[in-house]
Amino acid sequence: MSSIPKNFIGYLNTPVLWQGKNSWGITQYSMQKSILAPFNSSVEKRLRLGKLVERFVGFELKQHENIKIIVENLQIQKQKRTIGEIDCILKQDDQLIHLEIVYKFYLYDPEVGTTEFEHWIGPNRKDSFIEKLTKLKEKQLPLLYNPETKKYLDALQMSSETIIQHVYFKAQLFVPIHLKTNAFKDINSECIVGFYVSFNNLKQFEDCKFSIPEKIDWLCDIEIQCAWLTFSNFITELEPLISRQTSPLCWIKYPNGITEKCFVVWW
């Protein structure tokens with residue numbers, strides 16, 4: 001079994017980050033439940049993780065008889081310059097929906113910002129949940145109403161006035177070890193799948209075994225039958241990543257056989 005079907009299963013098992021409309025006024029898409037066929041579409045090699053998720057969402061949507069995808073990855077251009085992209089416009093029953101697709105990995109750092117939304121940041125501290133919400137609200141969703149977009153909608157015989165907007169926002173969340181039992185009010189706590197630890201604090205896990213999946217396989221559920229690394233070999237593989245200020249997702253297996261996802265951070 002190649003890693004792509006395993007990634008698809010991991011994608012399916014990832015919950016959405018909130019239900020309904022959040023405090024930013026952004027509405028989460030509610031995917032219909034159904035028995036899905038195994039993912040069997042061809043995928044280009046070296047496809048970025050975000051693009052792979054878009055392929056998975058398209059595949060899942062196409063399994064539903066009451067859903068028709070009108071257009072995917074619609075590039076909106078002005079004078080030969082791309083000003084944005086609409087991920088998907090679909091028709092569900094008789095309703096047109098503009099759908100933006102997001103899949104993120106966020107770590108909870110209470111030292112960043114002052115609100116729960118602001119505490120969730122990317123593993124390398126380069127992005128954040130609040131930045132993504134801002135981009136969705138101020139750029140990606142308003143693109144539907146841009147005058148340049150009207151030309152494309154006209155060609156599809158559609159009007160923005162009849163289209164509602166949803167996001168399909170899934171995430172894997174990681175918290176500091178001491179907050180593993182913490183409850184969060186603004187996000188779906190089912191998205192919390194592991195913890196994170198600083199490279200300098202790994203000594204406490206020296207009796208464990210580890211695996212460092214490729215980034216494209218971060219979606220996957222933990223594979224028990226993988227080539228587990230000893231602590232010393234794990235540190236050897238980690239050191240060049242940490243020196244480049246890259247925080248990898250890792251799988252950890254405790255001596256009792258229990259496994260868990262974690263990020264080892266350089267900061």
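The values are calculated or read from the model by the stated rules, or taken from the named source; none is laboratory data. What you see is a predicted model; the values in this text were computed from it and never measured. Cβ sites come from the backbone with ideal geometry, for glycine too, and all protein chains shown count toward neighbours. These accessible areas exclude ligands, DNA and RNA; they are computed on the full protein's heavy atoms, side chains included. Shrake-Rupley method; radii C 1.70, N 1.55, O 1.52, S 1.80 Å.
For the chain, set up a Gaussian network in which alpha carbons nearer than 10 Å are linked by springs, and say which option among Phe56, Phe205, Phe174 fluctuates the most. Highest fluctuation among the options: Phe205. Here the calculated FRET efficiency for Gln95 and Leu49, from their Cβ-Cβ distance with R0 = 41 Å, stands at 0.90, rounded to the nearest 0.05.
For the stretch 1-87, applying the loop criterion from DSSP together with a ceiling of 12 other beta carbons within 10 Å to the trypsin sites (Lys or Arg not before Pro) yields Lys33, Lys45, Arg46, Arg48, Lys80.
Leaving out ligands, DNA and RNA, what percent of the accessible area of the chain is carbon and sulfur, probe 1.4 Å?
Here carbon and sulfur together make up 49 percent of the probe-accessible area.
Each residue of the stretch 252-257 was assigned a 3J(HN,Hα) from its phi angle through the Karplus expression (A = 6.51, B = -1.76, C = 1.60, θ = phi - 60°), giving 10, 10, 6, x, 7, x Hz with x at Gly and Pro. Extension gain for the segment Ser160 to Thr236, taken as residue separation times 0.36 nm less the Cα-Cα distance, is 22.0 nm to one decimal. Applied to the stretch 139-152, the Karplus parametrisation 6.51 cos²θ - 1.76 cosθ + 1.60 on θ = phi - 60° returns per-residue 3J(HN,Hα) values of 10, 5, 6, x, 4, 4, 9, 5, x, 5, 5, 4, 4, 5 Hz, with x for Gly and Pro. Only DSSP H runs of four or more residues enter the estimate; each adds -39500 (n - 2.57), and after division by the residues of the chain the mean residue ellipticity at 222 nm equals -6000 deg cm²/dmol. Taking label points 7 Å from Cα along the Cα-to-Cβ direction, Thr246 and Ser42 give a separation of 2.9 nm.
Filter the trypsin sites (Lys or Arg not before Pro) in the stretch 170-267 to those in DSSP coil with at most 11 other Cβ atoms within 10 Å of their Cβ, and list the result.
Qualifying residues, ordered by number: Lys185, Arg244.
The aspartates and glutamates whose alpha-carbon is closer than 12 Å to the alpha-carbon of Lys80, local same-chain residues fewer than 8 away aside, are Glu148.
Using a Gaussian network model of the chain with C-alpha springs under 10 Å, which one of Trp24, Trp218, Trp251 is most mobile by mean-square fluctuation? Result for the chain, Cα springs under 10 Å: Trp24 fluctuates most. Pairs over the 23 Å Cα-Cα cut-off, from the set Lys51/Lys170; Lys185/Lys209; Lys91/Lys215: Lys185/Lys209; Lys91/Lys215. Residues Val53, Val43, ordered by accessible area of protein heavy atoms at a 1.4 angstrom probe radius and largest first, appear as Val43, Val53.
Solvent-accessible surface of the chain, averaged per residue with a 1.4 angstrom probe and all protein chains in place: 53 square angstrom. Taking the DSSP bridge list for the chain and keeping only pairs wholly inside it, about 55 percent are antiparallel.
Go ahead and run the numbers for FRET between Lys6 and Ser189, Cβ-Cβ distance against an R0 of 25 Å, rounding to 0.05.
0.50
If you average the C-alpha positions of the stretch 170-189 and of the stretch 1-65 separately, how far apart do those two centres end up, in angstrom? About 21 Å separates the Cα centre of the stretch 170-189 from the one of the stretch 1-65. Rounded to the nearest 10 degrees, the angle from helix 3-12 to the longest Cα principal axis of the chain is 70 degrees.
Exceedance of the 30 Å cut-off in Cα-Cα distance is limited, within the set Lys21/Lys139; Lys139/Lys261; Lys62/Lys126, to Lys139/Lys261; Lys62/Lys126.
If you take the Cα centroid of the stretch 84-137 and the Cα centroid of the stretch 211-267, the two points sit 25 Å apart.
Sequentially through the stretch 64-75, phi angles give Karplus couplings (6.51, -1.76, 1.60; θ = phi - 60°) of 9, 5, 8, 10, 10, 7, 7, 7, 10, 6, 7, 7 Hz, Gly and Pro residues having no value and appearing as x. Residues within the reach of a label modelled at Gln63 (point 7 angstrom out along Cα to beta-carbon, backbone nitrogen below 16 Å), restricted to the stretch 10-51, are 10-16, 30-42.
When you filter the GluC sites (Glu not before Pro) in the stretch 110-160 for DSSP loop state and at most 10 other Cβ atoms inside 10 Å of their Cβ, you are left with Glu111.
Extension gain, Trp267 to Lys215, is 16.8 nm, computed as 0.36 nm per intervening residue step minus the present C-alpha separation.
For Kirkwood radius over Cα pairs in Å, computed directly from the structure shown, the correct entry in (i) 20.2; (ii) 22.2; (iii) 18.8 is (i). As a calculated quantity, the FRET efficiency between Lys150 and Asn201 at R0 = 41 Å, using C-beta atoms, amounts to about 0.15. Pick from Leu173, Leu12, Leu74 the residue whose mean-square fluctuation is largest in a GNM of the chain, springs joining Cα atoms under 10 Å. Comparing Leu173, Leu12, Leu74 in the GNM, the peak value goes to Leu74.
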